[in-house]
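The values are calculated or read from the model by the stated rules, or taken from the named source; none is laboratory data. Because the structure is a prediction, the values reported are computed rather than measured. Note that each Cβ is placed from the backbone with ideal geometry, even for glycine, and that neighbours are counted across all protein chains shown.
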Amino acid sequence: MVNFAGARSAARKANGSVVTWGHSRFGGNSAAVAPLLTEGVIQVCGTSGAFAAIKTNGSVVTWGFSVRGGNSSAVVCGTECAFAAIKANGSVVTWGDATHGGNSSAVAPLLMGVIQVCGTAGAFAAIKANGSVVTWGNSDRAGNSSAVAPLLTKGIVQVCGSTGAFAAIKENGGVVTWGYATSGGDSSAVEGVVQVCGSANAFAAVTANGSVVTWGNSDRGGNSSAVAPLLKEGVVQVCGTDGAFAAIKANGSVVTWGDADRGGDSSAVASLLAEGVVQVCGIFVAFAAVKANGSVVTWGDAACGGNSSAVAPLLTEGVVQVCGTDGAFAAIKANGSFVTWGNVAYGCDSSAVAPLLTEGIIQVCGNASAFAAVKANGSVVTWGDEHHGRNSSAVASLLTEGVIQVCGTAGAFAAIKANGSVVTWGHPISGGNSSAVAPLLTEGVIQVCGTAGAFAAIKANGSVVTWGDPPHGGNSSAVAPLLTEGVVQVCGSSGAFAAIKENGGVVTWGYTNSGGNSSAVAPLLTEGVVQIC
């Protein structure tokens, strides 16, 4: 099973492991939770910027963009500035910005028996065990579903959100939508849906017969009439950029539509997309397709990855994976070498470290404007914007061996080594400087996650260490006594962290409007929490 959501993809293998690729910031890079994705996964689903994997033991692992729910080990489909926690008894507790779903008091009596929660940019939708749906939050972001309420009383099996609308799939394959019409909240009758993919302001649904139905902002992929004859059958996967979609068909061809400047127009490379395509990766405004012969085809905004002519000779064979930052692509080849292209400001220029990228690359992590590659020998190579982590010279001696994983905030990186120590670099305010907590990061770290400007590390003894921009969660002193032991998961929004403890209690810190202050619901978060959204 492959889940294409927005600009990245996740594949579940027969052995229960998960492989991801595409836009690193939006879920293409699952390195931070890789040990949790090696077995036991039974389902993968996605929001517009993150993925969630359900395991056989009932646990959920998530990754991707933090403000869209990526930095968590629970099912995460949150809003930008609020959290929703599902408890073992099926009730829901919310906190954060009230206008973004942090206040659910208006529907509190209805939030029992909840089995799943997902969100738009400013609202939540909860699916109950009886198949009904309850919504709350910003009405302009689909928090008000009264117009379709009679259709949401039973039979709902999945809900997907764009920035301002929801789409609910029913047992019979029908789809119910609400929210901003220009974000996909208004759809005509659709039946037999097996997959829904969202761009920023539109949806594309693949039906059981292989056809595609689209709705939402017509300029951003909601109108596919220009290619309708090509979408009547045979479509197996759909992915998107910010304003366009690309559909892979069973015969290996690709069909595109939407904003031409964001990848909706692939006419210049149409002959190369007629057959053999096995993967498509989308970043903000461009696509890259990997073919069965290992070659790569690109289109979209030329300045941000759509034009790969400068490295074309290196993309004719051997490519096994493509990932990206906001404005650049990076391709890993079968021989372990690496090729980059796109906007220099977003990390496309790797010429300064080219000799180090010719072999042995096993993982690549990208933040807003820089890349960090982990090699088979445990060393790390960095490039991109100097202020976002390209310059790792200050810690170069610590990155020559033993690194097993790298993760990032918007402007910094953190590397976990085999001995449990952590090395950081990049913008000091965004977590690149961990000197204040250095003695606590010399051993025992098992996981690191981040907000936009801070990191949180969980240690083997269940304690948590934080650093980076204080308002973004880098300062956890206010809750320090609660983070000394027993923490099993940490997830983040754009500016706050939430830690789940062994007893089911929750501890939060960071920006109040991003969910860092849960005092209003504190009595409800002392025990029994099994999931945070």
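What are the residues in the range 115-129 that are outside any strand (DSSP E or B) and not β-branched (V, I, T), if any?
Correct list: A121, G122, A129.
Residues are listed down the side, and each one gets a yes or a no for (1) modelled with pLDDT of 75 or more; (2) part of a helix (DSSP H, G or I); (3) at negative phi:
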| residue | (1), (2), (3) |
| --- | --- |
| V196 | no, no, yes |
| V206 | yes, no, yes |
| N209 | yes, no, yes |
| V213 | yes, no, yes |
| G222 | yes, no, yes |
| L230 | yes, yes, yes |
| E233 | yes, no, yes |
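Give all pairs with beta carbons closer than 6 Å in which a residue from the range 22-41 that is at positive phi meets a residue that is surrounded by 24 or more Cβ atoms within 10 Å (Cβ to Cβ) and at pLDDT below 75; count only pairs at least 6 apart in sequence or on separate chains.
Here the result reads G22/A7; G22/R8; G22/S9; G22/G28; G27/R8; G27/A50; G27/F51; G27/G64, each pair linking the range 22-41 to a residue that is surrounded by 24 or more Cβ atoms within 10 Å (Cβ to Cβ) and at pLDDT below 75.
Out of T241, T298, I need the residue that is buried (at least 24 other Cβ atoms within 10 Å of the Cβ), in contact with an Asp or Glu (Cβ under 9 Å, 6 or more places away or on another chain) and β-branched (V, I, T). Which one?
The conditions single out T241.
Among the residues that make up the range 122-132, is at least one of them more than 23 Å from G504 (Cα to Cα), under 27 Å from the mean Cα position of the chain (by Cα), surrounded by fewer than 23 Cβ atoms within 10 Å (Cβ to Cβ) and modelled with pLDDT of 90 or more?
For the range 122-132, residues more than 23 Å from G504 (Cα to Cα), under 27 Å from the mean Cα position of the chain (by Cα), surrounded by fewer than 23 Cβ atoms within 10 Å (Cβ to Cβ) and modelled with pLDDT of 90 or more: present.
How about the range 236-355: which strands (runs of 3 or more DSSP E) wholly inside it have at least 3 residues that are touching a strand residue (DSSP E or B) at 6+ places or on another chain (Cβ under 9 Å) and in contact (Cβ under 8 Å) with a residue 60 or more places away in the chain?
Those strands (runs of 3 or more DSSP E) span 277-282, 319-324.
For the range 363-391, what are the residues that are of a type in the set (F, W, Y) and within 20 Å of the chain's Cα centre (by Cα)?
Residue satisfying the conditions is F371 alone.
Here are F166, F83: which of them is buried (at least 24 other Cβ atoms within 10 Å of the Cβ) and under 27 Å from C239 (Cβ atoms)?
F166
Can you name the residue in the range 147-177 that is in contact (Cβ under 8 Å) with a residue 40 or more places away in the chain and not in a loop (DSSP other than H, G, I, E, B) and, of all such residues, is farthest from V117 (Cα to Cα)?
Among them, the one singled out is A165.
Are any of the residues in the range 322-337 modelled with pLDDT of 90 or more and touching a Lys or Arg at 6+ places or on another chain (Cβ under 9 Å)?
Checked against the condition, which is being modelled with pLDDT of 90 or more and touching a Lys or Arg at 6+ places or on another chain (Cβ under 9 Å), the range 322-337 yields no hits at all.
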